[in-house]
Structures are given as C-alpha cells and as structure tokens.
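> Below you'll find the structure I mean.
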Amino acid sequence: MSLFWIFIHHLAEVQTMATSKKLITKQEWEKKLADVKVRKEEMNKLVMNFLVTEGYVEAAEKFRLESGTEPDIDLATITDRMAVKKAVQSGNVVDAIEKVNDLNPEILDTNPQLFFHLQQQRLIELIRDGKVEEALEFAQEELAPRGEENQSFLEELERTVALLAFEDVTNCPVRDLLDISQRLKTASEVNAAILTSQSHEKDPKLPSLLKMLVWAQNQLDEKATYPRINDLSTAALEDPAV
Amino acid sequence: MSEATSRNQSPATDLIGSYFLRLWHQNSKTLGLKPEELEEEEELPTALDTVKSSGGFSFVGPDKLSVSYPNVNLHGHDVGVVQANRPAPSKRFLYYFEICVKNAGAKGQIAIGFTTSAFTLKRQPGWEANSCGYHGDDGLLYHGHGKGDAFGPTYTTGDTVGGGINYATQEFFFTKNGVLVGSVHKDIKGSVFPTVSVHSQSEEVAVNFGKEDFVFDLEAYEAEERAKQQMKIDNISISQDASHGIVRSYLQHYGYQETLNLFDIAGQSTIPPISLVPENGSKEEDMMYALNQRNILRQLIRYGEIDDTFSRLHEWYPQIVQDDTSTVCILLHCQKFIELVRVGKLEEAILYGRNEFAKFKESSELDDLVKDCAALLAYEQPLKSSFGYLLQESHRELVADAVNAMILSTNPNVKDATFCMHSNLERLIRQISACVLEKRSLNGDHGEAFHLSKILKSIKKV
C-alpha cells in the first residue's frame, strides 16, 4: 500500500470514528441500567469492607447486627490497629512502636522502611517539642546507623535534622515535616503494614470502585454519548450532551 | 381490585412492588449459584476443524489435535491451513492456545495465528487481510499482507509456540517455549479462529487448546496484565471523602440507623475530622426521611416478627398496607408463612397460607413465588431443599428492603421511584456495569463484563 493510500485510509477511519459515536438517550440508558443485576449482600460486603479497613470498629460491629453481614476480619484486631494509628496521629510514637510490637513483632522486623519512618517521626516530635539535645542524641544514636545502610534513609534523616538549623521553622524549606499531614502519612503507613500482616488488603475496595466508574465512563466516551454520572456524591444521571 | 384501592396505587408504588418481585424471582434462580456460575459461558475451541479443508494440503490426525503436510509443496497456494472448530471466545480478558512442532519437515514453514471465517485456507495466516501469523521459518510477524515484520526468533522441531489475544489492550501476543515474544495491535473486526499452518513435506504440529497444561505461565501473564490495567485505574484521582459520603448515604437509604450514628460519631473524631453534613439541606432531609421508623421495621422483619411489622405499618403508614393484596402485603404474608415454617409450625403455616394466598391476584410471576413458599412444606429439612433460599437471611433482607422502599415513596418530596429502590452506591455500580457492557458491545463483543463479586473475591488475600 502506498503512503498516499495509507493516508486516505487513515483519514476515512478518523472520519468514521468522529461521526459514528453512538448516541444513547436517557430512556434507553435507564433501561440498560435496570437490566444490571446487583446483589444486596455484595453491596453490604462492600460497605463492611470499608468500615473494617478504615477502622470504624463500632460502626462495623453495629452493621454486622443491623445487616447480618459478616466482617472479613476479626473485629477485635481493628481496635488494636486503630490504637496504633491514633498514637502516631497524636505524636506518641514510642507508644505506637510498643503497641505494634505487642500486636506482632514481625511487622517492624520485616519492614525496615516503616521502622525508619516511625523513628523519623519520633525525631520530628522531639524537635517539635523543642527538645534539641535529646533530638540530636536520638538522631546520632538511632537514626544515623540506619542512614549508613540506605541512601534514601540518609537523605530523609538530613532533611529532618535540617529542622534544627532554623530558628523559625514555620518559614523553612522543610517545614512540611512538622505538618499534621506528615503524621497522617506515617500513621497510614503503619495501618497498612498491620493490615498486610493480618493477610488483609491495605486499602478498602470502595474507592477503587469509584475510580473504576470514572475509568469505565471515560472508556465509553470514546465510543458513545450517553447519560453520565459526574457527581459521585449524588449519583445523578446527567442528560447526554449532544 | 376495587375502584377505591386502585386509585390509591400510585405508579411509583407499582414500580417498586414489581421491582422487588422481580428481584425475588431472580434470587430464586441464582442464590444457590456461585458467582462464577453466573457468568456467560462461551463455547471454546476444542479441536481442529475437519469440515473446511485446504484441499489435500493438510492432514488432520484422528484426535483432531494434530496436523501434518502430506505432499511435496509446489507453490505459495499449497499451504495446509487448519482453523479451530470454534472462534476464540471474546467476552473475557484473555484467550490463548499453543502448538508444539513435532517435525519441522523439509522447510519448517509453520505458522501460528488468527484468521476470520472468511479466510482462504490455502494461504499462510498473516498473508491475507484480516489475518495475523507468527512464522517459524523466518520468525517474522505477518499482519494482513505478504511482507512480514521483524518480531521474534524462528522456531522448529521441539519448540512450543503460543498465540493469544489480550482483549483489554486489543492485542495479539505470541510466546515461544514459555517466554513472551511480543505483541501487536489487533485491528481485525469480528471473531477470529485460532489457526495453524504447515507448508512443506513431513511438517507436523500438535495443538493444545488448553486440555493439557500450557508451557507458558498464562496465569502469571494475566495477573501482570491486570495489574497494568489496575494501575491506570488507580492513577485516577477522586475526592477523598467520596467513599465516606457514599457509605453514609447507603446507611441512610436502607435505614441502618445505629450504624449511621456510630459512623458519624467516628467521622468527627478522626484526624482530620470528616464532616459530611451535606451543603444541600433538603437532600439531607430526604435521606433522613422516616429513618427511625424504617430502622424499626427493618429490625422487626430481620427477627421474623411479621405480625408486629404489620401492626406498626397500620399505625404509621396505613396507605402502604391498606390494600391487602398489594405487592408489599403479599411479600409480608409470604414472609409470615416462611417464618412459621422456619420454627416448625407447619399446621399453622398451612392454615395461614390457605387464608392469605387465596386473596392474591393471579399473575404468573407471583404464582411461581407462592409455589416456592408452599413447596417448603414438602421437605423434612426445607433449608437444604432447592427452596432453602427462602429461609436465608438474604430473603428477610429483601422483604425489609421492599418495605423500606415503600416508606421512602411516602415522602411527598420524592417523585422518582428509582430513588426509593436504589441507594447511590447501587446506582454507581449499575452505571459501571452498563458502561462496561455497552463499551464491549460497541467493540465487537470483546472484553470482560463487570462483576462486583469478582472485586469482592479478592478481598481476602492469604
């Protein structure tokens, strides 16, 4: 095939693609939606999975009673996991490490990165509390040896120690380390590690289902114009834009 | 139905009633089945096709799983081509088959590939339009014309070569001795047949459509390809609180009131607190409509207290139970019967059934369901019978959901019956499924359907 014909062929294809987008009216689409089979127990399971993974232990317990849905994890373990998470979130890192080891000492033994991040968080809390000497001592004795083993740990350590060099930390380049989001980041890392140690997925299913909705709609957009759901919070069908 | 009652039945009520009857009907057929049994079965290629032949240039063995070239080849149109007896199934993620070269013969002009039903069975797969083939003698990939593209290694006697289709990426892929060789965009419309060809004396090939274990680790490949697709999905960003909002509206919709309260309290104490009081106040009001009453009735039904359910309904929502032959009343009467059977009060159940079932209007759908209830009496262990689904928790839940939807429909602000029937979560799930199915049907029926059960199955990882 000559280049010219390839070009013509390609052009024709582009044109048919542009014109052949199927239009599906709201009425037709609603019929398709009605044909989908959804099982209530499966939705219940999805909700239970969210409550359990996100650590809503009381709500999970009640949901089990109100809907008869069995959780996919021993609910007692959620309480322990949430206690660890809370400890990190409120800056009690020593307490959190102790609690993780009570749960399962293997979690920190097999996760050097997690252990380093917890120690780093501990250093951040010492600096936050203005315990400069203690912070330095801790950095040198506990963190520096780990930095020698791992280049990225070393960089993290240097970044953290830099906090000590500024008088006004609210205006320094590494101030984000003192932000609440740093605690949340460390807390969710511990949370995920505990879930993994319990053979449970670290993320709930529901958010990825919502992403799948966005993805599936984007995929269909290439082929058809149809009523979309643009607002996840209302799940309202919008009229197809023609 | 008297004139007075017929006036009271609004279209929304009818819709809701028939929706839950349909749901019951569906459950009666599918509840005993495992999720994988619900999937659409496509017939798989199992053997080589012996009806269509390439005029004496191929000889298919009696097991229909091997092909050889009996003659001395003369020219390019003397190819021995054999297709599988059925096209590659397409409503799935992947398809794959393998060949093993038993004898490379005089020239080793063996090819593996895919062709359409219109393919001329005297040409190598890949030489003609709408065909694709990986050739053994030169290792080239032929895709629609007589000139091949550099692709992979050659293959010969003793080698196992595989051909597959990845429907998610719309690609053909080929393997040699368990290693992926490469993939190429699949631009052929419609269904394609696994195809093998031989083209010189004594060439012999055995085909494996999956009866034997594949040399290539297909499961690992599938897992890898799925992970790639999942990564694309995971990279989409959504609002962080979206999931919380959906769970909350789910609890509101079905009247799981106590769970909702605890969920809200917990949301306030997380760091940072999640505030989900929606900006739109009237919407929130509709979501909370009759929450306490719906919760009480749900719990009564869940514990089998049908008499109490009736009396509460008469007190709170007389319009729902005014017509004793309305769908929701029928559901409750059937449930009362089922509860009597559950506790072994069979005589009482029979009396109750005779009294109540006779009132129901005739409709084939309803008849089947009433028959299912009555059939419970025939079994010493009704739970183990094929009507045992009626005694499961999920059936109580269905009746409770029907009553819940009916109460929601009494809210004067609500005009749309689907709002009463489906939670936001359910509407989102329906939308995903419909999008995936529609895209597939616009894509020549290529690809998987969406199954919530599959997503849930991976919850427990060991």
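The values are calculated or read from the model by the stated rules, or taken from the named source; none is laboratory data. It should be emphasised that the depicted structure is a prediction, and the values quoted were computed from it without experimental measurement. All Cβ positions, glycine included, derive from the backbone under ideal geometry; neighbour counts span all protein chains shown. Only protein heavy atoms, including side chains, enter the accessible area calculation; ligands, DNA and RNA are left aside. Shrake-Rupley method; radii C 1.70, N 1.55, O 1.52, S 1.80 Å.
> Cross-chain or 8 or more residues apart, Cα under 27 Å: how many lysine pairs in segment A:99-242 fit that? Count them up, please.
Final tally of qualifying lysine pairs is 10.
> A further question on this structure: How far is helix B:257-269 tilted off the main Cα axis of chain B, in degrees rounded to 10, range 0 to 90?
70
> One-quarter of the Cα convex hull surface for segment A:76-197, in nm²?
Directional mean of the projected Cα hull area for segment A:76-197 stands at 7.1 nm².
> Now for a separate question. Determine the share of segment B:59-208's accessible area contributed by carbon and sulfur atoms, expressed in whole percent, with a 1.4 angstrom probe.
51
> If you average 1/r over every pair of different alpha-carbon atoms in segment B:92-149 and take one over that average, what Kirkwood value in Å do you get? Intermediate results must be reported in sequence, preceding the final value.
Numbers: mean 1/r = 0.0827 Å⁻¹.
Taking the inverse mean of 1/r over all distinct Cα pairs, segment B:92-149 comes out at 12.1 Å.
> Related question: Eigenvalues of the Cα gyration tensor times 5, then square-rooted: what semi-axes does that give for segment B:59-208, in whole angstrom, largest first?
22, 16, 15
> Just to confirm a number: summing +1 for Lys and Arg and -1 for Asp and Glu over residues other than A:Q27 whose beta-carbon lies under 15 angstrom from that of A:Q27, what do you get?
Net of charged neighbours comes to -3.
> Moving to a separate point now. Quote the accessible area belonging to B:T50 in square angstrom, nearest 10, computed with a 1.4 Å probe and with ligands, DNA and RNA left uncounted.
70
> Apply 1/(1 + (r/R0)^6) to the Cβ-Cβ distance of A:V94 and A:F166, taking R0 = 41 Å, and write down the FRET efficiency to the nearest 0.05.
Details: r = 25 Å, r/R0 = 0.62.
Calculated value: 0.95.
> How large are Rg and Dmax for chain A when calculated on the C-alpha trace, in angstrom?
Final numbers for Rg and Dmax: 26.1, 77 Å.
> Let me ask another. What is the local net charge at B:V101, summed over the other residues whose Cβ is closer than 12 Å to its Cβ (Lys, Arg +1; Asp, Glu -1)?
On the way: positive: B:K102, B:K176; negative: B:E98, B:D137, B:D159, B:E203, B:E204.
So the surrounding residues net to -3.
> Another question, if that's okay. Normalised by the residues of chain B, what does the relative contact order come to in percent, with Cα pairs under 8 Å and at least six apart?
Once divided by the residue count of chain B, the mean separation gives 16 percent.
> Helix B:346-357 sits at what angle to the longest principal axis of chain B, using alpha carbons and giving 0 to 90 degrees rounded to 10?
Approximately 90 degrees, to the nearest ten.
> Report for the protein assembly as shown the percent antiparallel among DSSP-assigned beta bridges with both residues inside it, nearest 5.
95
> Considering just Cα atoms, how many Å³ per residue does the convex hull of chain B enclose?
209
> Give me the summed buried accessible area for the A-B pair, 1.4 Å probe, to the nearest 100 Å².
Heavy-atom accessible area buried at this interface is about 6200 Å².
> Can you give me the angle between helix A:3-19 and the longest principal axis of chain A, using Cα atoms only, in degrees from 0 to 90, rounded to the nearest 10?
Approximately 90 degrees, to the nearest 10.
> For the protein assembly as shown, what value does the Rg/Rh ratio take when both radii are computed over Cα atoms and Rh is the Kirkwood radius, given to two decimals?
1.05
> Starting from the Kirkwood radius over alpha-carbon pairs of segment B:320-370, derive D by Stokes-Einstein at 37 °C in a medium of 0.692 mPa s and give it in µm² s⁻¹.
292
> Provide the solvent-accessible area of B:E438, counting protein heavy atoms only and rolling a 1.4 Å probe, rounded to the nearest 10 Å².
10
> Same structure, new question: Using a Gaussian network model of chain A whose springs link C-alpha atoms within less than 10 Å, name the residue from A:I78, A:I24, A:I127 with the highest mean-square fluctuation.
A:I24
> Shifting gears a bit: Per residue of the protein assembly as shown, what 222 nm ellipticity follows from adding -39500 (n - 2.57) for every DSSP H run with n ≥ 4, rounded to the nearest 500?
Only helices count here, giving -15000 deg cm²/dmol.
> What is the mean projected area of the alpha carbon convex hull for segment A:51-124, to one decimal in square nanometres?
So the mean shadow area of the Cα hull is 5.2 nm².
> Between A:D231 and A:K131, what is the spin-label point distance in nm, taking each point 7 Å from the Cα along the Cα→C-beta axis?
So the two model labels end up 5.0 nm from each other.
> Just to make sure I understand: if all protein chains stay in place, what is the order of B:K64, B:K415 by accessible area at 1.4 Å, largest first? Could the numbers behind the result be given before it?
Numbers: B:K64 85, B:K415 165 Å².
So the residues, ranked largest to smallest area, are B:K415, B:K64.
> Using only the heavy atoms of the protein chains and a 1.4 Å probe, how would A:T170, A:T53 rank by accessible area, largest first?
A:T170, A:T53
> Further, regarding this structure: What does the charge count around B:G152 come to, taking other residues whose C-beta lies under 13 Å from its C-beta (Lys +1, Arg +1, Asp -1, Glu -1)? Write down the numbers at each step before the final one.
Working: positive: B:K176; negative: B:D137, B:D138, B:D149, B:D159.
With Lys, Arg at +1 and Asp, Glu at -1, the net is -3.
> Using heavy-atom solvent-accessible surface (probe 1.4 Å) with all chains present, what is the largest-first order of A:K85, B:K211, A:K99?
Order by accessible area, largest first: B:K211, A:K99, A:K85.
> Something else: When you look at the Cβ of every residue in A:60-70, what mean number of other chain Cβ atoms sits within 10 Å?
The per-residue average across the peptide is 5.
> Something else: Accessible surface of B:D138 in the full protein assembly, 1.4 angstrom probe, to the nearest 10 Å²?
In the full protein context, B:D138 sits at about 50 Å².
> I want to check a number: in segment B:59-208, how many lysine pairs have alpha carbons closer than 18 Å, given a sequence separation of 8 or more or different chains?
Numbers: B:K64/B:K102; B:K91/B:K186; B:K91/B:K189; B:K102/B:K176; B:K107/B:K122; B:K122/B:K147; B:K147/B:K186.
Here the count comes out as 7.
> In peptide B:413-424, what is the residue-averaged number of other protein chain Cβ atoms found within 10 Å of each Cβ?
Averaged over the peptide's residues, the number is 2.
> Is there a simple number for the mean count of other chain Cβ atoms within 10 Å of the Cβ of residues in B:446-452, and what is it?
On the way: counts 0, 1, 0, 1, 5, 2, 10.
Averaged over the peptide's residues, the number is 3.
> Per-residue HN-Hα couplings for segment B:328-345, Karplus 6.51 cos²θ - 1.76 cosθ + 1.60 at θ = phi - 60°, whole Hz, x for Gly and Pro?
5, 5, 4, 4, 5, 5, 4, 5, 4, 4, 4, 5, 5, 5, 4, 8, x, 8
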